[in-house]
Every structure is written in structure tokens, then in C-alpha cells.
Amino acid sequence: MVLLALFLAGNFNDANAQSKPEVRLVLQITIDGLRADLIDRYENGFGEGGFRYLLKKGAVYTNAHYQHANTETIVGHTTLATGTFPSQHGMVGNVWFDREAGELAYNIEDPDSPIIATRKNETKGEQVDPAQKKSRTQGRSPAVILVPTVGDGLAAYYGGRSKIFGVSGKDRSAVSMAGHAGKAFWYSTNTGDFVTSTYYYDAYPDWAAQWNSRRQAEGYAGKSWTLLNDASTYLLAAQDNRSYEVDLKGYGRVFPHPFGQVDDKLFCTRILVSPVGDQLLLDFSKALMTHEQLGQDEIPDYLSISFSGVDAVNHFFGPSSLENEDVIVQLDRTLADLLAFIDKTIGLKHTLVVLSADHGMADMPEYMTELGYQAGRLDPNDIVAKANIIGKKFGVGEIVRFFYRPYLYLDDEKIAAAKIDPTKVEQALADALTDDDGIALAVATSRLSSQQTNPLVAWVRNNHHVTRSGDIYIIQDPYWFLFDKGPVAAMHGSPWRYDTHVPIIFMGLGMKPQTVDRRVHPVDVAPTIAALLGMTPPGSAQGSPLEEVFK
Ligand SMILES: [Zn+2]
């Protein structure tokens, strides 16, 4: 077999045919919350083997924007994986209101697929992720993702022989990318272990159990997150101590940030809100690649690694903080380590590397106001109160059944009982809310098909799934904060450019290094991966292969 392969390869060379290196691994890197301009902003702090290497060797798309309105983690990841919009893949938000159950649903929760415990006695950490807090059960699976992913396509094409994995600091970022056919592992903020659910396994594979048994996160007890380089070398050296940054109960607003002790309920979360979470994810990924033998035969394998540190740091300190600069500079070293490991074990020439992000990030309203642009924080209770006042004018008491941004869900039964035209009351509500300070546009989703002109409406339409989306979509003004009050200080989730602008980089397989400035979209990523492998795009994909990577 080996001899035959060599003979064939030799023949190709003799014939001077343009032979492309064999693809052994598709490595899809997603950096949660990496707004595209942050790579340029911090380039001076980068070493040679990470971002700089990708920028130098890859096809770099500088003008890639999401086309859905709710730029959140599960929405972006699933779009990257499937090549289609939330209107098709169904992941319209990190959280949506389950009208039938009458309660909020956390995107990938699945009571039938409980997480497999890694320890006998697990203490529960304090949950600060506002979306995770809404989950009703501890089960996780991709069952609610309505369409196939590129990994699913790979599984089908190679008769199930392709190994497909998704790993991340966050459950939703691992599960969405692993698709229905792959296997997922993610970081637990209870234990610092990497966990999975019964959807994927009956028990942990030996290598994963061994990795977890080393309890590497606990090695950081009593230690702190410190700057990688001398403080004076940072562009944002002066942006460390700002009153609107969040102190995670002792983590502080300024360097060094102490992780605390293992029995502290926020210990494992603080690890994730630092460069260490990404470093642990890399170490776990190396164990996975080694023991699952990824990229070691002629059948291409797929590994998605979604790094969560940048996003976590953004939420607490903002994207224009010293913490943001350092977490990205340290991630650069982690990426360099990852690429060097793959080059040694598989060969970068046999690896298709794809890098993107699930969304960008907004600077905090207080920061923008300091700079002269007026922005503020919206209170969800005010929005509900105003909507209920309008409802009363139509003879409906408490017309809002539920509000979880961006969607306002109305009480259909009360509207029907009042015998009024629902589209009329929805439009009246949307018009009234649009008049409010800090709200750019409220869109009655029943009118989506008739509102053709406004680009904002097009993005809301791409986000609209008939059973999961709400009745009114609320878009805040640029830099206005629309979220629950809580520990999170900075957000993404709007259709504004700072939230939609993400990097897209393809590298490997003899691809020509180049910078492409035309507008492209993350829905193009999955069809491009499929085309590079000679496969048909994922079933519901609406994007197109990016032509430059084939030149
Ligand atoms: Zn995210």
C-alpha cells in the first residue's frame, strides 16, 4: 500500500502535474470574540509562530462580516459550522424562550444527554455566564441544531472513517462545531476538567480520564494572571484600572489578577477569564490529537478548537483594556505552540488551517462616553414596562409574556382573547419602542417579509426562526448595552460592525499567501472547507466557496 502510494506520487511528479499535498487534518480554530481589528492593533506584541505566521502564510480576508443580527456565541459558531443562517440552523440566540414549555431554553441543553461526571465529589462553581445561568438541565447535545455541519459532511463522505472532534472552553462552542457526527469536550467551570456528555460517550476514553486526573487547573491555585511582557510595551498600558471594569470577587480590576484557592467557587471561572484557560485547552487538544491519532492516515480528520479566553476577558474588562491586549498576546504564543505541535506530528503541509471568530465585541458605553460618543445602558425592565403600557391601550393587560434580548415574546392567548389584529399591536409596540433613547430599531417579526429596504431588517430576517424567535426584535443604538444587569460589563450581540467584523484566514495545502479586501461572510467558510476537500457543501449551506483560496 505504501509502495503503491509512493509509486503514484512519483508518477504525478514525473508528469509534472500540479500535485496538491494530501489533506490529513482540517484544523478549524475559532477565537471567541476576536473582533477583526484586534489582531492589527496588537501586532507589535506578537511573536513569529502564531498570528504573524498565519497572516504571512495564509489567505487573509480583512472584510468578513456576519449577516445575522444576534451576534452571539452559539449563533456564530453554528453559522461557521453549517454555512447557513440562524433562520435555517435554528440557533437564534444563546438563550430563547421555549413557548411550549413556557420557560427559557439554553441553546444546546438536552436533558437526555447528561454530562458524564469526572469526579466522585464535584463542588458546583458559581456560574457567571448569563446564558449558562438560564439552563434548566445539565444535559448537552447538538440535537437542537437543525442542519448538518461540515464535520457531518466529512463523516458521510468517508463512511464514518473520518475522526471528528470539537473542543472548547465553552460547551456551546465545542458541541456546535463537532456537529451531530463528531465528539465534543469542553471545560467545566466546576472542576477545571474537560467534560463530555452521554450523547458522545458512555464513559471517558482513557486518555481523557488520565488528562483530567492530573487536575492541571488546580496547579494555578494561589497564583495570578500576570502580564507576559513589560507593561511599558503595551499599547493599552494605561487602560488597566477603570471604574467600569468588573472585579470578579477578588480577581481585581488591575494586574496581577489572583486566581484564589481551589475551594473558591469562582476559581475555575477565573482560570477561563485569563490566558490559562486557552493554555489548558491546548494541552488537552494535544492529548486528544496524540491518543486519537488525528491526521495519521489518508482519511482527513477534523478538529475544531474554540478558544474562549478573549471573549471572557472582554466581558469583564472590555475590549479596549490592558487585559484584552495581554490575553491576545498570550493567545498568540498558544497558537504558535499549537501550529508547531501540528507541524511536528502531522505536518502543516498536510493540514488545512482555518481561523475565524464567532462575533466581535462592543466597547463599553462608559468608555465611549469618556471619548465623547454618548452611549448608555438600557434596562430590560423599562422595555417590558413600556411595551405593557402600549398593550393596555389595545385592551391587553401584561402583553409581554417574556423578554430575553433581543426578542420580546408576546402573550398570544391574551391578544387572541382581546380580538385584536396581532400584527397591528406588534407594529404599534415596535414603533413605540423605536422612539426610545438607545433603541435604533424594534422590528415586528410578523412584518419581516414585507419590510425589504432597511439592511438592519435583512439581518433580523436572517436571524428569524419561526418557532424559536420572538415577536419583536430589539436593536440597540451603536455602543448601547442591552443585557441583564449582572457581572458582565461589556457585550456583543448587535448587528453593528464592531460585532459583525471577524477575521477569516485559510492556510495550508500550498495555498497562495494573500490579503483579500472584498466583503465576504462567515457562511462562506464551511462551503470553502468542503470544496477544498472535494466534497459537496453542508446540506443547507447558503455561502459560497471563497475563490481566492483555490488560486
Ligand atoms: Zn462568543
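The values are calculated or read from the model by the stated rules, or taken from the named source; none is laboratory data. Predicted model only: the values in this text are computed from it and were never measured. Ideal geometry is used to build each Cβ from the backbone, glycine not excepted, and the neighbour counts take in all protein chains shown. What goes into the accessible areas is simple: the full protein's heavy atoms, side chains included, and nothing from ligands, DNA or RNA. Shrake-Rupley method; radii C 1.70, N 1.55, O 1.52, S 1.80 Å.
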Of the residues in segment 309-329, those that are away from the ligand (no atom under 16 Å from the Cβ) and in contact with a Gly (Cβ under 8 Å, 6 or more places away or on another chain) come to GLU325, VAL329
If we scan segment 403-419, do we find a residue that is of a type in the set (Val, Ile, Thr) and either closer than 26 Å to PRO365 by Cβ or modelled with pLDDT under 95 (or both)? no
Return the residue satisfying two criteria in turn: it lies in segment 484-523 and is among the acidic types (Asp, Glu) and open to solvent by 20 Å² or more (accessible area, probe 1.4 Å), and of such residues it is nearest to the ligand (Cβ to nearest atom). ASP484
Scanning for something at pLDDT below 95, within 23 Å of VAL147 (Cα to Cα), open to solvent by 50 Å² or more (accessible area, probe 1.4 Å) and more than 18 Å from the chain's Cα centre (by Cα), does segment 19-26 turn up at least one residue? no
For segment 173-198, the count of residues that are surrounded by fewer than 24 Cβ atoms within 10 Å (Cβ to Cβ) and of a type outside the set (Ser, Thr, Tyr) equals 5
Checked GLY83, GLY93, GLY139, GLY50 against criteria (under 18 Å from the mean Cα position of the chain (by Cα), under 27 Å from VAL150 (Cβ atoms) and away from the ligand (no atom under 16 Å from the Cβ)); the one match is GLY83
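So how many residues does segment 418-476 have that are part of a strand (DSSP E or B), touching a residue at least 60 places away in the same chain (Cβ under 8 Å) and open to solvent by 20 Å² or more (accessible area, probe 1.4 Å)?
Counting residues in segment 418-476 that are part of a strand (DSSP E or B), touching a residue at least 60 places away in the same chain (Cβ under 8 Å) and open to solvent by 20 Å² or more (accessible area, probe 1.4 Å) gives 0.
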Can you confirm whether segment 399-409 contains a residue that is closer than 30 Å to VAL502 by Cα, within 16 Å of the ligand (Cβ to nearest atom), under 29 Å from the mean Cα position of the chain (by Cα) and touching a residue at least 40 places away in the same chain (Cβ under 8 Å)? yes
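Going by what's in this entry, would LYS170 be described as open to solvent by 10 Å² or more (accessible area, probe 1.4 Å), basic (Lys, Arg), more than 16 Å from the ligand (Cβ to nearest atom) and under 22 Å from LEU282 (Cα atoms)?
For LYS170, the condition - open to solvent by 10 Å² or more (accessible area, probe 1.4 Å), basic (Lys, Arg), more than 16 Å from the ligand (Cβ to nearest atom) and under 22 Å from LEU282 (Cα atoms) - is not met.
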I'd like the residue in segment 208-248 that is touching a Leu at 6+ places or on another chain (Cβ under 7 Å) and surrounded by 15 or more Cβ atoms within 10 Å (Cβ to Cβ) and, out of all such residues, is nearest to GLY277 (Cα to Cα). ALA217
Quick test for you: out of LEU235, LEU154, pick the one residue that is in contact (Cβ under 8 Å) with a residue 24 or more places away in the chain, over 22 Å from the mean Cα position of the chain (by Cα) and at negative phi. LEU235
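Being under 15 Å from CYS268 (Cβ atoms), out of contact with any Leu (no Cβ under 9 Å at 6 or more places or on another chain) and free of Cβ contacts under 8 Å to residues at least 40 places away in the same chain: is that true of GLY159 here? Spell out the reasoning first.
On the way: under 15 Å from CYS268 (Cβ atoms): no; out of contact with any Leu (no Cβ under 9 Å at 6 or more places or on another chain): yes; free of Cβ contacts under 8 Å to residues at least 40 places away in the same chain: yes.
The answer is no for GLY159.
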Can you tell me which of (1) farther than 30 Å from ILE39 by Cα; (2) at pLDDT below 95; (3) part of a helix (DSSP H, G or I) is the one GLY397 doesn't meet? (3)
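Kindly establish whether VAL262 is β-branched (Val, Ile, Thr), within 22 Å of the chain's Cα centre (by Cα) and at pLDDT 95 or above.
no
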Consider SER306 carefully, then state whether it is buried (at least 17 other Cβ atoms within 10 Å of the Cβ), within 16 Å of the ligand (Cβ to nearest atom) and of a type outside the set (D, E, K, R). yes
Can you tell me which residues in segment 119-136 are open to solvent by 40 Å² or more (accessible area, probe 1.4 Å) and either among the polar types (S, T, N, Q) or without any contact (Cβ under 8 Å) to a residue 60 or more places away in the chain (or both)? LYS120, ASN121, THR123, GLN127, LYS133, ARG136
